[in-house]
Each structure stands twice: as structure tokens, then as C-alpha cells.
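S.K.: Take a look at the following structure, please.
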Amino acid sequence: MNHAVAKPAVQRIPFLVGGEWRTGSAPALPAINPASGELLGEVGAAGPDDVDAAVRAAQAAQPAWAALRGHQRAALLQAIAAQIEQHAEALALTQTRENGKPLAESRQQAKSAAGIFRYYAAEIETFAAEVTPPRGDYVSMTSYEPLGVVAAITPWNSPLTMDAQKAAPALAAGNAVILKPSELTPQTSLALGRLCLEAGLPPGLLNVLPGSGADTGAALVQHPGVRMISFTGGTATGRAIARVAAERMIPACFELGGKSPQIVFADADVERALEGVLWGIFEAMGQSCVAGSRLFVQQALYPRFVEALVAKTRALRLGPPEDPHTQVGPLASEQRVQHVDTIVQAARRDGAQLLCGGARPAGAQFGRGAYYLPTILAGMRNDAAVCQTEIFGPVLCVLPFADEEDLVAQANHSEFGLACGIWSADFARAWRVARRIEAGTVWINTYKQLSITTPFGGYKQSGLGREKGRQGLLPYLQAKSIYLAT
Ligand code: NAD
């Protein structure tokens, strides 16, 4: 007799192609809540036939969308923004249950996502063609046209804002979008797809294809119908996609990794600098591209500053992301915990001194959740592997510096160049150092201030191209110059 009990079927969540929901031909993705380790269900994944169907749906929908006037497209983006705002709480919960980000932060990001759609509605409504100076008997003009079908590929750390930062400008410009979310956060992107449909966006203009990078992502970027790639993720993945884009000679932009320096001069306002450094690394448990993960403190201040920082780090309240008292939550998955711990233990074997953290937290309340203690390492040189590799987790490396020359040399000694924080009461010095640091964003006496109006992107291996602001619209357009004989 067979006593085997049938496992209850897990719900398979469908994805969006051309306004219809399908479960896909690739192996489904498990949906695991990182705060509890609980399997919540599974999400259908797109195989090559689904990718092809999405590209065809996008190609069919795009010309009519591109033919609309800017203000007409803007009206739809405004409707999407309103829809996001109305469902902000549900969106925030979905993201938090997928990636473990504290709910308060996800709420903030849901609001930002609406703001991003509003901003690009305004951009496209006011975007003008240029009349260029004639050098003969003609009128010459440069106008801007969409590219067609855009592949937007996003990571798991902040899908609410990352998706919006690609979908809003790409749609505003008159393109159709195929969004490929991370394996860890497909439901957040699917929720955005559903809200866009409900807001009245014609089917086919935003398709959402969950799946692995190796299968779904690779099939998407290689599809001949895709005319542009907008990628945010790790530098190694970015390089692989750049090779495909080069072979196909299609435009692509890249928002990649970082190992951003936080610089504290001895004359800094110590309390403000401590808060800025603490949250610069441990907000979102360091799973932020701009995490300030290398801390340089001027020698005279170093002992006092590091001691106070360690005390503040030990006092951080670690807990479930939906608890309003939680300051730092879990990492996005058990694999991320293992990844971070492997790097921390290797650094210790290489001689790094552990000032705090460096282990999973003790306590039954953490159960099978993906928790790791906020960690500070000291005593290594800036060229040590742990100071040069992006960890993308709650690990801060602290290093002393002697003077401005020493500091600039150390801070710039990195393959990355995404962001930098400078803390000093001497405005002229902060300004001078800001100009010398190789980074796409420099903050002075603040950190992680971000605005949709202001371009964002990386120097060196941190990326190519810019998102946000008017510069964030241009990659989704191509210039056409017309001469009219007079
Ligand atoms: P990742 O590179 O592993 O994956 C990013 C996305 O690419 C995922 O959707 C993945 O499925 C897809 N992908 C993987 N291989 C692919 C392939 N061959 N072809 C097409 N798609 C493929 O990155 P991650 O772990 O999801 O995210 C963390 C990284 O993202 C960090 O390096 C972080 O710094 C970076 N990031 C950068 C920014 C920025 O704005 N600069 C913002 C957020 C995150």
C-alpha cells in the first residue's frame, strides 16, 4: 500500500505577455520569504517561446503608442502614477516579502515609483525638438524618436524604484518594454505590470518576464526584435550583456556595482558623520549599489570615531522587516547570507580584525530567516580583497588615512566609481576632494540623498550611461535630423 501523502499543490503565479497572463515554459521560480525562510508559492518563468511572444506583442503595440503625442503619453504615465499611489501599501508589502527590505523603506520606494512616472510624464510633455543653425538655404531640425522594443533587466534589491526608473522613461519616449525582473523579486514587477494595465496602458507595451538570467535574460537580450537594453545589476553580468549588445550593435546602458568610499575628516561634525556612515552602509543591510562600504577616517579622529561607530552598530535593532521597531532586516536570501559570511571569514583568515558582527544572530526569533549581524572589519589595507570586492551585504571595512593626498589615492584605488561621501566642516576642502574623486555621485555632509531630477550612474566599472533626470530619458530615444530646402 502506498502511504505517501500528496504534497499540496503550490500556487503558480502567472506572468504578463501582451495583456494576458501565462505560466510559461521554463522551470518555475520558488517564492521564499527571506524573513522566515517560508516557501510562499512559485512564479511561472518565461522560456524562449514566451520571450518571442512578448517581443511580438511589444512590436505590435509600439507603433500606435509612438504615434501618440507626448502629452497623450504623459496622461497615461500620470494615470499609472495615480494607480501606484493608490496601491502603494500592497506594492510595499510585496517587495518586503520578496527581498526582506524593512517595510518603512519599501513604502518610501513605492511612493518614489509613482513620483518617477510623474517626473517622466512631465519630461515628455515638455520635451522639444531642436531647430539647428542652418549653413545654407534650408531649415534644419533634430527630432527624437523611440527605438522600438526595450529590454529592461533589473536586480532584486530595490525593484520598485529600479523598474520604474526604466519603464517610465522608456514608455514616455514611445517604446514598448519587456521587463525581466530578478529571480528573487518577480512578484513586485508583476504587480507593477498589473497596475499599468489597470491604469489603461495598452496591452503589449509593458510585458513582465520572470525567469533565470541564464535562460530568460539571455534569450531576451539576444532576441532580434529587441532594439535596446537597459540593465541594472552586477558588473560581471553587465559585461556579459555588453558583449551581446556589441555583437548585435544595439545601444545599451548599464548601472552596475560599487564599493563606495565614505570619507571622514578630523574636523567633521562627528555625530552627523556617524549617522551618515552607519545608515550609508547598514540601511537595507548593505544591499544597495551605493552602500558606503569603505570607510576612511583621518588618523587623529580614527580611534574615537571607530569606537563610537561600533557601539552604534551593535545597538541596531535587527528584526522582521514588517515590525515597525526593526531598523535592519534580513538579507534577501539564505544564499546571500552564505555569500557574505564566506567573504567575512576569508577576510579574517587574511588578517582582518572583526570589530563587530561576523556571524548569524543568536535567538529563536530569527528562526530560518536570512539574518546576519551588521559587521565591521579593520586592520587590512585598501588593496585587500575584502576592500576591493563588492560584497553587497552588511559589511563595512574601516581604514585610516593621513592627509588629503593619501586619502584621494586610496579612495580612487578601486575598479568601481559609483558614489562617495565626504564629511568635513571645511567646505573648500570637501569641494576640492569631491572634484578629485572618481565617482558618478558625491555627497558632502550627507549620504544617499537621491532625486529623480538628478542624473545617476557610475564611473569606471560601475556603469555606462545615466538614469534619472532628462539624461535618463535620452538613451530611450534616437536623434533624427531633417533638412528642409527653402
Ligand atoms: P545580477 O547581475 O546577478 O542580476 C541582475 C539581473 O540580470 C537579474 O534580473 C538577472 O536574472 C539578470 N541576468 C543575469 N544573467 C543574465 C544574462 N546572462 N543575460 C541577461 N540577464 C541576466 O545582480 P543582482 O544580484 O540581481 O543585483 C545586485 C547587483 O546589482 C550589485 O552588483 C549591485 O551593485 C547592482 N545594482 C546596481 C545599481 C545601480 O544603479 N548602479 C542599483 C541596484 C543594484
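The values are calculated or read from the model by the stated rules, or taken from the named source; none is laboratory data. Please read all numbers here as calculations on a predicted model, not as lab measurements. Cβ sites come from the backbone with ideal geometry, for glycine too, and all protein chains shown count toward neighbours. Just the protein is used for accessible areas: all its heavy atoms, side chains included, with ligands, DNA and RNA removed. Shrake-Rupley method; radii C 1.70, N 1.55, O 1.52, S 1.80 Å.
S.K.: Is at least one residue of segment 237-249 of a type outside the set (A, V, I, L, M) and part of a loop (DSSP other than H, G, I, E, B)?
M.R.: Scanning segment 237-249, I find no residue that is of a type outside the set (A, V, I, L, M) and part of a loop (DSSP other than H, G, I, E, B), so the answer is no.
S.K.: In segment 430-472, what residues are part of a loop (DSSP other than H, G, I, E, B) and farther than 20 Å from residue 109 by Cα? Write out each step before concluding.
M.R.: So the first thing to find is which residues in segment 430-472 are part of a loop (DSSP other than H, G, I, E, B), and the list is 437-440, 445-455, 457-458, 461-462, 465-466, 468-469.
Within segment 430-472, 437, 438, 439, 440, 445, 458, 461, 462, 465 qualify.
S.K.: For segment 277-290, enumerate the residues that are open to solvent by 10 Å² or more (accessible area, probe 1.4 Å) and closer than 14 Å to residue 421 by Cα.
M.R.: Across segment 277-290, the qualifying residues are 279, 289.
S.K.: While we're here: Given the criteria within 16 Å of the ligand (Cβ to nearest atom) and more than 27 Å from residue 372 (Cβ to Cβ), does residue 422 qualify? Don't jump to the end; show me each part of the working.
M.R.: On the way: within 16 Å of the ligand (Cβ to nearest atom): no; more than 27 Å from residue 372 (Cβ to Cβ): yes.
When the stated conditions are applied, residue 422 does not pass them.
S.K.: In the list 481, 451, which residue meets the criterion of being open to solvent by 70 Å² or more (accessible area, probe 1.4 Å), in contact (Cβ under 8 Å) with a residue 12 or more places away in the chain and of a type in the set (Gly, Ala, Ser)? Walk me through how you get there before you give the answer.
M.R.: On the way: 451 fails: open to solvent by 70 Å² or more (accessible area, probe 1.4 Å).
481 is the lone residue from the list that is open to solvent by 70 Å² or more (accessible area, probe 1.4 Å), in contact (Cβ under 8 Å) with a residue 12 or more places away in the chain and of a type in the set (Gly, Ala, Ser).
S.K.: Considering only segment 283-305, state which residues are of a type in the set (A, V, I, L, M, F, W, C) and within 16 Å of the ligand (Cβ to nearest atom).
M.R.: Here is the first cut: in segment 283-305, the ones of a type in the set (A, V, I, L, M, F, W, C) are 284-285, 289-291, 295-297, 300-301, 305.
Correct list: 284, 285, 289, 290, 291.
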